[in-house]
Protein chains: 6
Amino acid sequence: MFEYKKFLQFPINIKETDPRLANVIITQYGGPNGELGASVRYLSQRYTMPDNVSKGLLTDIGVEELGHLEMVGTLVAQLTKGSTPEEWKKLQSWEYYADNGVSVFPQSSQGTPFNAASIAVTGDPLTNLYEDLAAEQKARVTYDNILRLSDDPDVNDVIKFLREREIVHFQRFGEAIQLLRERLNQKNVYFMNPSFDK
Amino acid sequence: MFEYKKFLQFPINIKETDPRLANVIITQYGGPNGELGASVRYLSQRYTMPDNVSKGLLTDIGVEELGHLEMVGTLVAQLTKGSTPEEWKKLQSWEYYADNGVSVFPQSSQGTPFNAASIAVTGDPLTNLYEDLAAEQKARVTYDNILRLSDDPDVNDVIKFLREREIVHFQRFGEAIQLLRERLNQKNVYFMNPSFDK
Amino acid sequence: MFEYKKFLQFPINIKETDPRLANVIITQYGGPNGELGASVRYLSQRYTMPDNVSKGLLTDIGVEELGHLEMVGTLVAQLTKGSTPEEWKKLQSWEYYADNGVSVFPQSSQGTPFNAASIAVTGDPLTNLYEDLAAEQKARVTYDNILRLSDDPDVNDVIKFLREREIVHFQRFGEAIQLLRERLNQKNVYFMNPSFDK
Amino acid sequence: MFEYKKFLQFPINIKETDPRLANVIITQYGGPNGELGASVRYLSQRYTMPDNVSKGLLTDIGVEELGHLEMVGTLVAQLTKGSTPEEWKKLQSWEYYADNGVSVFPQSSQGTPFNAASIAVTGDPLTNLYEDLAAEQKARVTYDNILRLSDDPDVNDVIKFLREREIVHFQRFGEAIQLLRERLNQKNVYFMNPSFDK
Amino acid sequence: MFEYKKFLQFPINIKETDPRLANVIITQYGGPNGELGASVRYLSQRYTMPDNVSKGLLTDIGVEELGHLEMVGTLVAQLTKGSTPEEWKKLQSWEYYADNGVSVFPQSSQGTPFNAASIAVTGDPLTNLYEDLAAEQKARVTYDNILRLSDDPDVNDVIKFLREREIVHFQRFGEAIQLLRERLNQKNVYFMNPSFDK
Amino acid sequence: MFEYKKFLQFPINIKETDPRLANVIITQYGGPNGELGASVRYLSQRYTMPDNVSKGLLTDIGVEELGHLEMVGTLVAQLTKGSTPEEWKKLQSWEYYADNGVSVFPQSSQGTPFNAASIAVTGDPLTNLYEDLAAEQKARVTYDNILRLSDDPDVNDVIKFLREREIVHFQRFGEAIQLLRERLNQKNVYFMNPSFDK
């Protein structure tokens, strides 16, 4: 089970509301490469991993990503807090307001609600870990995209912190693949499977 | 942020694998009325609630639902652990195996991946709380459905515990609505909105 | 079966085209909280309600919502009628035009096609009615959002009428819940179910 | 607006429950070729049709399809009415019960909720009518599929009636295309568009 | 199997980047009426067509549409190549960049990922061909929409070529329907089916 | 553009129809890890790759996967060819027949239509290649799942061939990552990005 701690992994204090920027950041809340998908992916994959090391790794990172989900939600909430309809009327993307009002809804920037079709959870440990490597790269590049669009230094410090964590996770998943490949009969994994190959 | 505790809110020890029953239970993992949707709904809504009491309530229940998500995943994992392709061949629903293997994927029983279209997160506190009332009833009735289909007493004890918690949450959301209605100008909420009504 | 009446429940005469505003209103045509979902929800739920009173209520409101769907479509059609590509080129949201041209497509403001994942139809009467309470609040708040974005008094009169009807429906569903709870063994519904509880 | 008539276009009296057959018929309720999509397609397209004849045709058929939606729902409701969990346990497709209980949910047989991605509503009258021709063929062939799977004569009489109506609609849409092509400058429609071709 | 030819069916040389226009054109890459859907539709339908003529037709057109998919992708790629974040910041639709960066993702203009719900593949030859007639009209009208929004002559030449090909395909599908209706017992197709009608 | 060759990369001659097995294999046609997603992913990513080597690799493999898509479709078509409604009635999964008849529709085994949400196309070359590594593993493990469920040696020879190709692709993508990392400033890719880091 989970316990809630009343602080963030990295402090967030946005000084200026900017609903247009919030619209871009929301993709890391509920978009295909975002933190919701990340935590669900890892916390779901761990059930069928073959050993406690990989189970523990997926649990640790999955729980950390829940905290990042909270951080991204906090960014969106602070960037829109108190924003008036007048501000949204001037916005280039007021459709978000029509659909959701001032809120933090799990969707991509372009408005597609979060869909678990963007994650894979298989019964194969190696496949799960390659999925996770790719996921970390996709999260990293989405934070890159956001950094290129944002001029708010308070936002950017948070995004840079989150991006850095994805790089650390990427490396830990890479190490887990090495360990697993050493443990498994490598030929089996890549070239044959004794249950149906001879 | 979140901290992981290495135990469940209620112990789970399934003695017999039963992939067909797992296929039914998975809907409370990633189906429209399941625990994933519940926790994302509550943890997303809290950002824009107007006071600390309702924020705290949504955080508490959202975090508890994350633990319930883990419990439902554990049920599915234990019901399928070590299940052989031969067992699945005999199954009436081997399509899950084709798509996901032996794993815990966030989907409905009928195979639709989790979609945030099934939850609402609005900027309106009262609307959020009615959404939550309804969500608890939908989760309760889905557990009812599962109980009617399952003959495994080990499974049923867990499901009954989870169902009971949904009823408690339903009552807490009902109380929150009462509080909020007293606090707000009720006429405003239901009959007029001074920003555009006169 | 249904019969068509060649008039609207409330007259609509929009004087100025405004495709951008149409883009916002379309969410009540085919978005998650819109009139299409409302009518499908109620007209589908009624089949398994336990008595003629609740069946009749769901039929009445479901049929009225079909009329509201037509009204929202009429708003969108009048707001875009005769709009030229040049107007859309200047628009901040010309993507709608690329996907659908000048038309009334059932989608959210942000462009997600209507998806029945946003509605619940269960075999449980009480759950259905709580779902309906929440649905009316979600429709009400979406009309609130539209009113805050729109400056066109001809549009706003229609939206206010539609919003008022949602509030009436909300109250009728609330009364239906009271009736049902008195009729049912309440303990059963909330605390135990004699088919699997003792 | 719409008025409800308390009778069906064709009487339905199913004598034996058969949840498995209901699972097949549900696709004409909320599947990609079903009656919900049909009525939404026609009732949405009519707003931008260029003359009262085609508007009237789409309204007439759209309203009739709403009645067919009700008939298909009635079939599903009667085929499942009073079905016990024990019957569903023996079923090859009990996943529907887990997700929805005994109810009439708008989905395909395989469990995908209705999605308006399966319909097209464009601002082009000819395109709309070809879409409608295709839609009627798709509905006809789905009723063919159901007839080939069902052995219940009470069900089959209803399905044959519904199938016959699709054929009539197909012919009416074909006539509307002829009329429209005569009215329009045909060369324009197929080979050039004077607004950007010379 | 397929072989790749290193040239396009029609040359593409866009001189000015224009990410906003790319956002509109992308709908013919992965939107509901686009080239991806077209090629998947035809290449999937051909497996169960009753004769080599219709199989060959579907293969020919399906393969040509793959080439058109490549052309539309090339348009999008050339229109965005080297576009800087600064250009996107000024854009009215920078959400695409947040979700996908500078890339060619299969989606509609409004941001919905390609979904095969927008195509039909049935076991009925006539239904497939009517689906195809409608598909060609929907592609034609979407190219019309794009032409009305675009002022770039280099883009428009390509779009006009693609539109013209859809009209040719439309006519070929029309001919195939005539052939098939002559070959089949027409009464059977429209009015009765001897396997269940008498 | 593409040219069609009237032969398969590997011959397919299935002797016994088996619609139930076809239902499992269809996931590699249109499921989340299937050949349709694979070819669309690679053929879309190549537009923005930074050099001709990686563009060529993605084109080569993308085109080969189109051929594999054709092979999987051929498997499904041969396994269902001439199957009678009576066979499907006995089947544990006759819902496919209700929705699609005897046909080859792009969907998962559990019935979800192909959705591009399951693929990523970014403007970042390294991210694309990690996505591709993961994709090949997911395809490989799905073929493993199918092999474990299938007892038909004619099917299994084809599946083993396809699985082997995924392993070859996996290795080629791994090599491409090595090349790209050597070419790029590795520190930049993983630890900093000079456009916003200092």
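Collect the residues in region F:45-57 that are touching a residue at least 40 places away in the same chain (Cβ under 8 Å) and in contact with a Ser or Thr (Cβ under 9 Å, 6 or more places away or on another chain), keeping them in residue-number order.
Residues of region F:45-57 that are touching a residue at least 40 places away in the same chain (Cβ under 8 Å), as a first pass: F:45, F:48-51, F:53-54, F:57.
Correct list: F:45, F:48.
Looking only at region A:88-99, count every residue that is of a type outside the set (A, V, I, L, M, F, W, C), in contact with a helix residue (DSSP H, G or I) (Cβ under 8 Å, 6 or more places away or on another chain) and either without any contact (Cβ under 8 Å) to a residue 12 or more places away in the chain or surrounded by fewer than 24 Cβ atoms within 10 Å (Cβ to Cβ) (or both) and tell me the total.
First, the residues of region A:88-99 that are of a type outside the set (A, V, I, L, M, F, W, C): A:89-90, A:92-93, A:95-97, A:99.
Among the residues that remain, those that are also in contact with a helix residue (DSSP H, G or I) (Cβ under 8 Å, 6 or more places away or on another chain) are: A:89, A:92-93, A:95-97, A:99.
From the residues that got through so far, the ones that are either without any contact (Cβ under 8 Å) to a residue 12 or more places away in the chain or surrounded by fewer than 24 Cβ atoms within 10 Å (Cβ to Cβ) (or both) too are A:89, A:92-93.
Final tally of qualifying residues: 3.
Quick one: count up the residues across region F:97-106 that are part of a helix (DSSP H, G or I) and touching a Ser or Thr at 6+ places or on another chain (Cβ under 8 Å).
Taking region F:97-106 first, the residues part of a helix (DSSP H, G or I) are F:97-100.
Now drop any that are not touching a Ser or Thr at 6+ places or on another chain (Cβ under 8 Å), which leaves F:98-100.
Total satisfying the criteria: 3.
In region F:3-19, what residues are in contact with a Phe, Trp or Tyr (Cβ under 9 Å, 6 or more places away or on another chain) and crowded, with 20+ Cβ neighbours inside 10 Å? Steps first, please.
Looking only at region F:3-19, we keep the residues that are in contact with a Phe, Trp or Tyr (Cβ under 9 Å, 6 or more places away or on another chain), and these are F:3-5, F:9-10, F:19.
The answer is F:19, and nothing else.
Of the numbered conditions (1) farther than 24 Å from residue C:39 by Cβ; (2) within 7 Å of another protein chain (Cβ to nearest Cβ), residue C:114 satisfies every one except a single condition; which is it?
Single failed check for residue C:114: (1).
Consider residue F:170 carefully, then state whether it is without any contact (Cβ under 8 Å) to a residue 40 or more places away in the chain, among the aromatic types (Phe, Trp, Tyr) and within 30 Å of residue E:99 (Cβ to Cβ).
On the way: without any contact (Cβ under 8 Å) to a residue 40 or more places away in the chain: yes; among the aromatic types (Phe, Trp, Tyr): yes; within 30 Å of residue E:99 (Cβ to Cβ): yes.
Yes, satisfied.
Can residue D:7 be described as touching a helix residue (DSSP H, G or I) at 6+ places or on another chain (Cβ under 8 Å) and either under 30 Å from residue B:22 (Cα atoms) or among the aromatic types (Phe, Trp, Tyr) (or both)?
Numbers: touching a helix residue (DSSP H, G or I) at 6+ places or on another chain (Cβ under 8 Å): no; either under 30 Å from residue B:22 (Cα atoms) or among the aromatic types (Phe, Trp, Tyr) (or both): yes.
When the stated conditions are applied, residue D:7 does not pass them.
List the number of the failed condition for residue C:170; all other conditions in (1) within 22 Å of residue B:127 (Cα to Cα); (2) surrounded by fewer than 24 Cβ atoms within 10 Å (Cβ to Cβ); (3) more than 8 Å from every other protein chain (Cβ to nearest Cβ) hold.
(3)
Do you know which of the residues in region F:1-16 that are in contact (Cβ under 8 Å) with a residue 40 or more places away in the chain and part of a loop (DSSP other than H, G, I, E, B) is nearest to residue F:173 (Cα to Cα)?
F:9
Out of curiosity, is residue A:143 touching a residue at least 40 places away in the same chain (Cβ under 8 Å) and under 19 Å from the mean Cα position of the chain (by Cα)? Write out each step before concluding.
Values: touching a residue at least 40 places away in the same chain (Cβ under 8 Å): yes; under 19 Å from the mean Cα position of the chain (by Cα): yes.
Judged against the criteria, residue A:143 is a match.
Between F:142, F:127, which is more than 19 Å from residue F:65 (Cα to Cα), hydroxyl-bearing (Ser, Thr, Tyr) and crowded, with 24+ Cβ neighbours inside 10 Å?
On the way: F:142 fails: more than 19 Å from residue F:65 (Cα to Cα).
Exactly one of F:142, F:127 is more than 19 Å from residue F:65 (Cα to Cα), hydroxyl-bearing (Ser, Thr, Tyr) and crowded, with 24+ Cβ neighbours inside 10 Å, namely F:127.
Kindly establish whether residue D:95 is acidic (Asp, Glu) and closer than 30 Å to residue B:147 by Cα. Please lay out each step first, then the result.
Working: acidic (Asp, Glu): yes; closer than 30 Å to residue B:147 by Cα: yes.
For residue D:95, the condition - acidic (Asp, Glu) and closer than 30 Å to residue B:147 by Cα - is met.
Each value in this text was obtained by applying a stated rule to the coordinates, not by laboratory testing. Everything numeric in this text was worked out from a predicted model, so none of it was measured. Note that each Cβ is placed from the backbone with ideal geometry, even for glycine, and that neighbours are counted across all protein chains shown.
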